[in-house]
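Shown next, in structure tokens, is the structure this report addresses.
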Amino acid sequence: AKTPKRVAVTGAAGQIGYSLLFRIANGDLLGKDQPVILQLLEIDNEKAQKALKGVMMELEDCAFPLLAGMTAHSDPMTAFKDADVALLVGARPRGPGMERKDLLEANAQIFTVQGKALDAVASRDVKVLVVGNPANTNAYIAMKSAPNLPAKNFTAMLRLDHNRALSQVAAKTGTAVGDIEKLCVWGNHSPTMYADYRFATVGGKSVKDMINDQEWNRDVFLPTVGKRGAAIIDARGASSAASAANAAIDHVHDWVLGTAGKWTTMGVPSDGSYGIPEGIIFGFPVTTENGEYKIVQGLEIDEFSRERINKTLAELEEERAGVAHLLK
Ligand code: NAI
């Protein structure tokens, strides 16, 4: 049997945690032959820790054959010890009267501490996925706080936007989501993200040609994908949780197990590709192989796309500037 992999999850007693942990323990994250140990972090608060114990009781009651162990933590220094994968889901939500700036700062504090803890105690190969919002900037902060880990180990979740875009394109073209290739989402996990089907194909046919409607792209598709999170809150009275957990599973699964040449979207530190400044955590089309991702190169960026990419980049640069003083 394989040696168990250690998967740390923060915000483990939250909404997303409740959809995520059972799937990790069921083998959906790292494969049906890979035992896992869950290292669960929650805030140091009686209610949160008690709720976490309840979730762990339910995990026990599932009797997952692949769940080789689990521990509860309130300190990232123990939660991240030897972690092979770290899913950073817990974050500070925006409270009443809280400005965007306050939100950035509250989260900067959390992700500085967690980045330092990863730097100190996690596996040197730890794969980090930040889900907690603002996800790209939180990932940037964690990365900057972990100078002894390779920067490429830090990623942010754009996969929910990617999956949302896939479903919209499938519905529009009357095709199956599984047959759509070469779709991607550029930029920030926020309404400014740019979902791009210009290169997408179904059975070798161009999706752009099938749709052939730039107004639909601009006025329906992009706003629908960009504002989907708000639409879910409006309908459900709570933010996306199961779909977010599913996207986190997809992201790490594909990173670890490979995409066999197919594209997906990950928020990764830029290497300067497409004029995105180095180090900014940006949604890019990637392929993955042997546990490494590669940004798809050489794509043509037309005027409309350049405008969209510049807009989402400007937002990320503004967020980065907003936390720069905390990273000194
Ligand atoms: P939630 O509020 O139900 O759960 C968050 C949990 O994190 C809470 O139990 C809280 O106690 C815990 N937490 C807060 N600070 C922590 C810390 N420093 N260490 C450990 N745990 C901590 O929220 P939910 O719905 O599970 O969402 C979590 C985050 O994911 C939010 O920031 C949300 O905006 C974000 N999100 C991101 C998406 C993406 O596509 N990137 C999609 C959907 C949600």
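The values are calculated or read from the model by the stated rules, or taken from the named source; none is laboratory data. Just so it is clear, the model here is predicted, and its values are computed rather than measured. Ideal geometry is used to build each Cβ from the backbone, glycine not excepted, and the neighbour counts take in all protein chains shown. All accessible areas refer to the heavy atoms of the entire protein, side chains included, with ligands and DNA or RNA removed. Shrake-Rupley method; radii C 1.70, N 1.55, O 1.52, S 1.80 Å.
Points worth noting:
- Mean Cβ count within 10 Å, highest first, over the residues of peptides 67-77, 169-179: 67-77, 169-179
- Reduced Cα scattering model of region 162-316, Debye log10 I(q)/I(0), q = 0.13, 0.14, 0.21 Å⁻¹: -0.60, -0.70, -1.62
- Packing-based ranking of 295-305, 271-281 yields 271-281, 295-305, ordered from highest to lowest mean Cβ neighbour count within 10 Å.
- Cβ-placed point charges (K, R +1; D, E -1), dipole of region 265-328 about Cα centre in debye, nearest 20: 180
- For the chain, modelled as a GNM whose springs connect Cα atoms under 10 angstrom apart, the maximal fluctuation among Asn138, Asn163, Asn290 occurs at Asn290.
- With Cα atoms, 0 to 90° folded angle of helix 15-25 axis to the chain main axis: 80
- Cα shape, region 27-99, gyration tensor, a/c 1.5 rule: prolate
- With one equal scatterer per alpha carbon and no solvent term, the Debye-computed log10 I(q)/I(0) for region 102-162 at 0.12, 0.16, 0.30 1/Å reads -0.25, -0.44, -1.26.
- Each peptide among 21-28, 228-235 gets the average number of other Cβ atoms lying within 10 Å of its residues, and from highest to lowest they stand as 21-28, 228-235.
- Length available on full extension from Ala63 to Asp219: 0.36 nm per residue minus the Cα-Cα distance, which gives 51.4 nm.
- Angle between the chain longest axis and helix 135-144 axis [Cα atoms, degrees, rounded to 10]: 60
- Semi-axis lengths, Å, region 161-224, gyration tensor of Cα atoms, sqrt of 5 times eigenvalues: 18, 13, 10
- Share of carbon and sulfur in the accessible area of the chain stands at 50%, probe radius 1.4 Å.
- Using a simple spin-label model with pseudo-atoms 7 Å out from Cα toward Cβ, Asp271 and Lys294 lie 0.9 nm apart.
- Taking all Cα pairs closer than 8 Å and separated by 6 or more residues, the relative contact order of region 115-213 comes to 21 percent.
- Rounded Å value of the spacing that divides the Cα centres of region 28-73 and region 251-302: 30
- Here the label points at Lys152 and Asp33, each 7 Å from Cα along the C-beta direction, are separated by 2.6 nm in the simple model.
- Annotation: for a label point projected 7 angstrom from Cα along Cα→Cβ of Glu317, residues of region 169-189 with backbone N closer than 20 Å are 186-189.
- The residues of the chain present an accessible area of 45 Å² per residue when probed at 1.4 Å with all protein chains retained.
- Each Lys and Arg adds +1 at its Cβ and each Asp and Glu adds -1 at its Cβ; summed about the Cα centre, the chain shows a dipole of about 260 debye.
- Stretchable slack from His325 to Ala171, in nm (0.36 nm times residue separation minus alpha-carbon distance): 50.9 nm
- Within the chain, the proportion of Cα pairs with more than 35 Å between them is 18 percent.
- In the structure shown, the pairs Lys2/Lys47; Lys47/Lys101; Lys81/Lys262 are assessed against 31 Å; a Cα-Cα span above that value is assigned to Lys2/Lys47; Lys81/Lys262.
- Region 1-46: C-alpha gyration tensor shape, a/c 1.5 cut-off, then a/b vs b/c: oblate
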